[in-house]
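What follows is a short report on a single structure.
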Amino acid sequence: LARGVAEPDLKGRHVVVSAGGTREPLDPVRFLGNRSSGKQGYALARTAAARGARVTLVAANTGLPDPAGVDVVRIGTAVQLRDAVLKAAQDADAVVMAAAVADFRPATYAAGKIKKQDGQDPDPIVLVRNPDILAEISADRARPGQVIVGFAAETDDVLANGRKKLERKGCDLLVVNEVGESKTFGSEENEAVVLGADGSETPVPHGPKEALAETVWDLVARRLR
Ligand code: CTP
Ligand code: CA
């Protein structure tokens with residue numbers, strides 16, 4: 001829904017949005033990361049602020065300028081993202097997890113830079129699971145009626161995978177988009193389907209990330225009433 005002047009339908013609400021991609025350090029100069037730009041999360045933060053919400057944006061390695069009128073909390077890793085989201089979610093009416101959270105992190109962190117050893121193969125990198133923040137906040141809601149939204153980038157059978165993921169996570173809405181090499185990551189545009197735990201399916205045609213953000217807030221606002 002394109003709006004000239006936004007309707008302040010989120011006035012008096014506190015919403016939390018996570019954006020960007022976590023980085024899991026191996027040593028002081030290296031990390032495991034992903035290609036999330038943070039643009040969709042920032043679009044969500046901007047549009048929520050325009051609709052009157054108090055917005056906390058938990059930003060993971062985005063390098064984007066702080067949106068006006070938004071509280072920005074900058075973090076790096078998945079564990080830091082969890083701490084920041086759990087804290088901000090305490091008094092939140094809605095939480096939208098647009099961040100790409102690393103599923104795994106290196107089991108150990110080398111305090112000094114890892115060096116090559118003459119004629120030796122490198123040690124394998126051992127990974128451990130990161131906490132699933134979306135599943136955790138959905139299972140243990142900070143407030144009754146808090147609306148929780150996840151994002152999923154899928155390939156292959158996108159909708160079936162999305163339905164399964166929505167159920168597994170226990171959130172209210174899951175924004176599912178199809179990804180490929182050139183699709184979505186870093187792009188200005190997005191195309192998605194928003195799946196609801198109530199069985200609803202809201203297609204969002206290819207368009208700017210703001211348009212998808214507005215649709216997400218429409219669906220959230222409806223559930224908050
Ligand atoms: N997410 C999260 N914590 C994680 C992993 C993901 O909160 N450790 C959130 C993401 O922010 C997103 C949603 O869960 O909103 C779906 O992420 P996705 O990577 O698609 O889900 P996974 O359960 O990690 O499934 P997959 O094995 O397909 O990566
Ligand atoms: Ca994942």
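The values are calculated or read from the model by the stated rules, or taken from the named source; none is laboratory data. Because the structure is predicted, anything quoted here is derived from the model rather than measured. Cβ sites come from the backbone with ideal geometry, for glycine too, and all protein chains shown count toward neighbours.
Assess whether residue 62 counts as being crowded, with 16+ Cβ neighbours inside 10 Å and within 16 Å of ligand 2 (Cβ to nearest atom).
No: the conditions fail for residue 62.
Restricting the range 91-133 to residues that are assigned to a strand (DSSP E or B), of a type outside the set (Val, Ile, Thr) and within 18 Å of residue 175 (Cβ to Cβ), which is farthest from ligand 1 (Cβ to nearest atom)?
Per the criteria, the residue is 94.
Assuming residue 149 fulfils every condition listed in (1) in a strand (DSSP E or B); (2) modelled with pLDDT under 95; (3) within 12 Å of ligand 1 (Cβ to nearest atom) apart from one, which condition is it?
Residue 149 satisfies all of (1) in a strand (DSSP E or B); (2) modelled with pLDDT under 95; (3) within 12 Å of ligand 1 (Cβ to nearest atom) except (2).
More than 21 Å from residue 14 (Cα to Cα), within 16 Å of ligand 2 (Cβ to nearest atom), of a type in the set (A, V, I, L, M, F, W, C) and part of a strand (DSSP E or B), is that true of residue 176?
Details: more than 21 Å from residue 14 (Cα to Cα): yes; within 16 Å of ligand 2 (Cβ to nearest atom): yes; of a type in the set (A, V, I, L, M, F, W, C): yes; part of a strand (DSSP E or B): yes.
Yes, satisfied.
For every residue, the table says whether it meets (1) at positive phi; (2) of a type outside the set (S, T, N, Q); (3) part of a strand (DSSP E or B).
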site	(1), (2), (3)
34	no, no, no
37	no, no, no
46	no, yes, no
52	yes, yes, no
55	no, yes, yes
68	no, yes, no
80	no, no, no
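Can you tell me how many residues in the range 92-136 are in contact with a strand residue (DSSP E or B) (Cβ under 6 Å, 6 or more places away or on another chain) and either polar (S, T, N, Q) or closer than 24 Å to residue 57 by Cβ (or both)?
Total satisfying the criteria: 13.
Quick one: what pairs do we get from the range 95-113, first residue farther than 30 Å from residue 47 by Cβ, second more than 16 Å from ligand 2 (Cβ to nearest atom) and outside any loop (DSSP other than H, G, I, E, B), C-beta under 6 Å, 6+ apart or different chains?
Going by the 6 Å Cβ cut-off, the qualifying pairs are 106/26; 109/25; 110/27; 113/27.
Looking only at the range 187-214, filter to residues that are outside any strand (DSSP E or B) and not acidic (Asp, Glu); which one of those is modelled with the lowest pLDDT? If you could, list the steps in order and put the result at the bottom.
Just the residues of the range 187-214 that are outside any strand (DSSP E or B), to begin with: 187-188, 197-200, 209-214.
Checking which are not acidic (Asp, Glu) leaves us with 187, 197, 199-200, 209, 211-213.
On the way: 187: 72, 197: 98, 199: 97, 200: 97, 209: 94, 211: 96, 212: 97, 213: 98.
Here the answer is 187.
Residues 141, 168, 222, 163: which one is without any contact (Cβ under 8 Å) to a residue 40 or more places away in the chain, assigned to a loop (DSSP other than H, G, I, E, B), among the basic types (Lys, Arg) and more than 28 Å from residue 30 (Cα to Cα)?
Values: 168 fails: assigned to a loop (DSSP other than H, G, I, E, B); 222 fails: assigned to a loop (DSSP other than H, G, I, E, B); 163 fails: assigned to a loop (DSSP other than H, G, I, E, B).
Within the list 141, 168, 222, 163, the selection yields 141.
Which one of the conditions (1) surrounded by fewer than 20 Cβ atoms within 10 Å (Cβ to Cβ); (2) modelled with pLDDT of 95 or more does residue 217 fail to meet, given that it meets all the rest?
(1)
Just one of (1) of a type in the set (D, E, K, R); (2) within 19 Å of residue 174 (Cβ to Cβ); (3) crowded, with 16+ Cβ neighbours inside 10 Å trips up residue 140, so point out which.
(3)
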